[in-house]
Every structure is written in structure tokens, then in C-alpha cells.
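Read through the structure below, which is laid out as C-alpha cells, and then see the notes.
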Amino acid sequence: MKCLSDDKIIAYTENELNSVDSSLIRDHLIVCKKCSEKYALYMEMNNALNEPFLLNPPEQIEKTVINKITKGYSYFGSIVSLILASFLMLITGIYIYFNFANDSIIQALKATSKKTSTLISTFVNFVETVFIGINTVFKALNSLIEAVLNIHLGAGVTGLIFTSIFIFLLFIIFKRIQASLKSER
């Protein structure tokens, strides 16, 4: 039998032949040393392509890439933003938890604010102002969603969705800050 073409050996290597052709090529590979060496080479290449080996990048390249990604972020600016956003979320959470808009502890504190310190009174007014502002933003976003998408979610659900997105973004920022600190070490 005449030696096999490269196309036939490759087709046999990749199991693309019918059973009759496959049997003929298998028998020829047993007899012909030249074709069996080609077949072994194609099998080795096929295995190498199916299971490529991975190399870890050098440490300097990894640092350079991370520095280029985080170049635009100021370390202190990111920390200050994270602290301010966390404080704002804490105040909002406290306000929502105690339901300050209705009769609650805030109403009681307001009633007795003349007898309490001005610090507590100022804090209560600050929390109430922040909550009213955030609630107004949530109502505006809800109105926008209703106008654009014709979906009625309610200000509470809209607030929950946007707060979740905000917390997720804070988490990403925190992870980037953490990675940049890690690369500076």
C-alpha cells in the first residue's frame, strides 16, 4: 500500500473517518514505519494542543499590570469615599430600621430634645435630613423607572435595588484598594 497523506493521518488522529477507512489506516500504521512516525508526531501535537501548559507570569509583570489598572485611583481619596459611603449607608440603615418617618424613637427624641444634649438633637436632625434626602432620591428614581420602563416597583424596592448596586460597587472599590495595597508590599 502507498504511504498515507498527511490529511488522512490527521483525519485518523481526530477520529473523523468511517470505520472501514479507519481500519485500513490502522493496519497500514502497523506495517509502515514512516507513517507510524508521522502519526505519533500528530498525536503528540494534538495532545499538546488539547492540554496546553500554563506558566505563571513573572511577579514584576503582575505588579505592572495591577499598577496600570489602579493608576487613576487615589489611595486616600478611595479610603475617604469608602468611609463616607459606609457612614451614609449606616445612617440610612438605622433610619430605615427604626422607621423614623413614623412614630418612633426619633419622635420621642424630638419631643425631649430640649432636655437632651444639643449633640443628640443635632445627630437626630442630621439623620432625619439624610433619610429624607435619600428617600427623595429613591422616589425620583422610582418615578424615572415608571416613566421609562412602565414598571411600578415602589420607592422602597427601588431604594433596595440601588442600595444593593451601591454596596456592590463599594465592594469592588474595596477589593481594588486591597489589591493595590497588596502590590505595594
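Coordinate-derived values only; no laboratory data. As the structure is a computational prediction, the values presented were derived from the model and not from experiment. Cβ sites come from the backbone with ideal geometry, for glycine too, and all protein chains shown count toward neighbours.
Things worth noting here:
- Under the simplified labelling scheme, the His152-Asp6 pair shows an inter-label distance of 7.1 nm, with each label point 7 Å from Cα along Cα→Cβ.
- Segment 1-66 - Kirkwood radius from inverse mean 1/r over Cα pairs (Å): 14.1
- Ser23 versus Thr122: modelled label distance in nm, points set 7 Å from Cα along the beta carbon direction: 9.6
- Inter-probe distance in nm under a simple model that places probes 7 Å from Cα toward Cβ, at Met45 and Lys33: 2.3
- Oblate is the label for segment 124-185. Its Cα gyration tensor axes, ordered a ≥ b ≥ c, give a/c of at least 1.5 and b/c at or above a/b.
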